[in-house]
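Here the structure is laid out as structure tokens; the discussion comes afterwards.
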Amino acid sequence: MILVLSSETSPADVDQLTDRLEWMGLNVSPQKIENRLCLAVLSGLDEHVHPEHFQQLPHVEDVREFSRPFKLAGTDLHDDRREIQIEDVTIGGNELTVMAGPCSVESEHQIMETARAVADAGAEVLRGGAFKPRTSPYSFQGLGERGLALLHAAGSEHGLKVITEVMGTDQIEKVAEHTDIFQVGARNMQNYNLLRELGKADKPVFLKRGFSNTYRELILASEYILEGGNEDVMLCERGIRTFETYTRNTPDVAAIPTLHELTSLPVIMDPSHGTGIRRMVKPLARAGVAAGADGIMVEVHPDPDRALSDAQQQLSTDEFEALMNELRKVGSAVENPVTERA
Ligand code: PEP
Ligand code: MN
């Protein structure tokens, strides 16, 4: 339920009304629709409460129902596409943001080399895992805090924003010191404790779709973050598990228009984990741009065959530069142009 308030409602009136609704056991969030103040009732409603009850409350001008279970991510409160602003970088809106970098931060030389190359080629955000969620506990687990510091230094040196994965609530504080964007990996998409804590953070969250999760589950996971007050959430399609085993995952290009239809959040495509095969990254990245993705996340390594994780899918720096040129062509053909770095 959304209570649209009259234009004369003062902040003190909103507080009073909020107290009253909370006293009734409702969880409400102040919002705006077309510059009009409103209170979104997120939970606590039961069958005994009817819209007419709300209509009689002071300052309530109109009572609307949510059209979908996606209350904050959906289009009832935001009918336009959201933009996430990180200083001079905008994610969402009418242009395409490219995020690139190694699967894992491995050494100072490796991350600096990659940062230089992806910045020269036109990426705006540097990715790199420091805490790695590996399938086997015996595989390389990332450099941890040292990796965070190296990633941060490489981003600063080359004018790139950085994104890195946070695997648990105990890592949030440390990761926040070094990153511009928190990445939540596919394996943690339904780690609701983590999502709730990130809802209180003051940095954007990049939420990857779980291998076996539906659009509905992904969007509802994003609601956990939004409900905490963090409005800067983007969704990432990174391929799902199907009966097909030739590719590592099945990249679901339809996720892009679907998530755009159901939500106002930026949608990013990850063709690297989506296919797991280097030669397939380019065609799928092109497909993502053509389908209207707000961004592409690609794994890039200066010596991909020797990468300590995901060696088969990382592009070389030259391959990445060629990919950027392709994405510029596709992007301008479909009015989804790659943002040019200032
Ligand atoms: C990653 O992007 O570093 C990663 C581990 O991907 P995913 O969570 O999609 O498997
Ligand atoms: Mn990887």
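Remarks
- Within region 72-88, tally of residues that are in contact with an Asp or Glu (Cβ under 7 Å, 6 or more places away or on another chain) and over 24 Å from S10 (Cα atoms): 3
- Check on M280, within 16 Å of ligand 2 (Cβ to nearest atom), closer than 23 Å to Q85 by Cβ and not hydroxyl-bearing (S, T, Y): no
- Positions within region 216-237 being within 21 Å of N249 (Cα to Cα) and either of a type in the set (V, I, T) or over 14 Å from the mean Cα position of the chain (by Cα) (or both), in sequence order: R216, E217, I219
- For region 132-156, a tally of residues being surrounded by fewer than 24 Cβ atoms within 10 Å (Cβ to Cβ) and within 20 Å of the chain's Cα centre (by Cα) returns 3.
- I181 touching a Pro at 6+ places or on another chain (Cβ under 6 Å), under 17 Å from I86 (Cβ atoms) and within 16 Å of ligand 1 (Cβ to nearest atom): yes
- S272 passes every criterion in (1) of a type outside the set (D, E, K, R); (2) within 16 Å of ligand 1 (Cβ to nearest atom); (3) more than 18 Å from T97 (Cα to Cα) apart from (3).
- Of all residues in region 286-321, those that are within 15 Å of M99 (Cα to Cα), under 21 Å from the mean Cα position of the chain (by Cα), more than 16 Å from ligand 1 (Cβ to nearest atom) and in a loop (DSSP other than H, G, I, E, B) total 1.
- When region 191-219 is filtered for residues that are of a type in the set (S, T, N, Q), within 13 Å of ligand 1 (Cβ to nearest atom) and more than 16 Å from T258 (Cβ to Cβ), the ones remaining, listed by number, are N191, S212.
Rundown of residues vs (1) among the charged types (D, E, K, R); (2) modelled with pLDDT under 95, yes/no style:
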site	(1), (2)
Q31	no, yes
H59	no, no
E87	yes, no
G92	no, no
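- Hey, H260 part of a helix (DSSP H, G or I), within 15 Å of ligand 1 (Cβ to nearest atom), modelled with pLDDT of 95 or more and buried (at least 17 other Cβ atoms within 10 Å of the Cβ) or not: no
- Some residue of region 69-78 being in contact with a Gly (Cβ under 7 Å, 6 or more places away or on another chain) and either without any contact (Cβ under 8 Å) to a residue 40 or more places away in the chain or of a type in the set (A, V, I, L, M, F, W, C) (or both): no
- Pairs, first within 16 Å of D305 (Cα to Cα) and in contact (Cβ under 8 Å) with a residue 24 or more places away in the chain in region 271-283, second of a type in the set (S, T, Y) and in a helix (DSSP H, G or I), C-beta under 7 Å, six or more apart: V281/S272; V281/T275
- Reported count of residues in region 108-131, each being assigned to a loop (DSSP other than H, G, I, E, B) and either touching a residue at least 60 places away in the same chain (Cβ under 8 Å) or surrounded by fewer than 16 Cβ atoms within 10 Å (Cβ to Cβ) (or both), is 3.
- The residue that is farthest from ligand 2 (Cβ to nearest atom), among those in region 84-104 that are within 19 Å of K208 (Cα to Cα) and in a loop (DSSP other than H, G, I, E, B), is P102.
- Near pairs, Cβ below 9 angstrom, 6+ apart or cross-chain, from region 36-53 (at positive phi) to any residue that is of a type in the set (D, E) and surrounded by 11 or more Cβ atoms within 10 Å (Cβ to Cβ): G44/E22
- Any chance M324 is assigned to a strand (DSSP E or B) and at pLDDT 95 or above: no
- Going through (1) touching a helix residue (DSSP H, G or I) at 6+ places or on another chain (Cβ under 7 Å); (2) within 16 Å of ligand 2 (Cβ to nearest atom); (3) within 23 Å of P304 (Cα to Cα); (4) not aromatic (F, W, Y) one by one, M112 falls short only on (2).
- Residue list for region 157-171, restricted to those being surrounded by 15 or more Cβ atoms within 10 Å (Cβ to Cβ) and either within 16 Å of ligand 2 (Cβ to nearest atom) or over 16 Å from the mean Cα position of the chain (by Cα) (or both): H158, L160, V162, I163, T164, E165, V166, M167, Q171
The values are calculated or read from the model by the stated rules, or taken from the named source; none is laboratory data. This is a predicted model, so every value here is computed, not measured. Because the Cβ atoms are built from the backbone with ideal geometry, glycine has one as well, and the counts that use them run over all protein chains shown.
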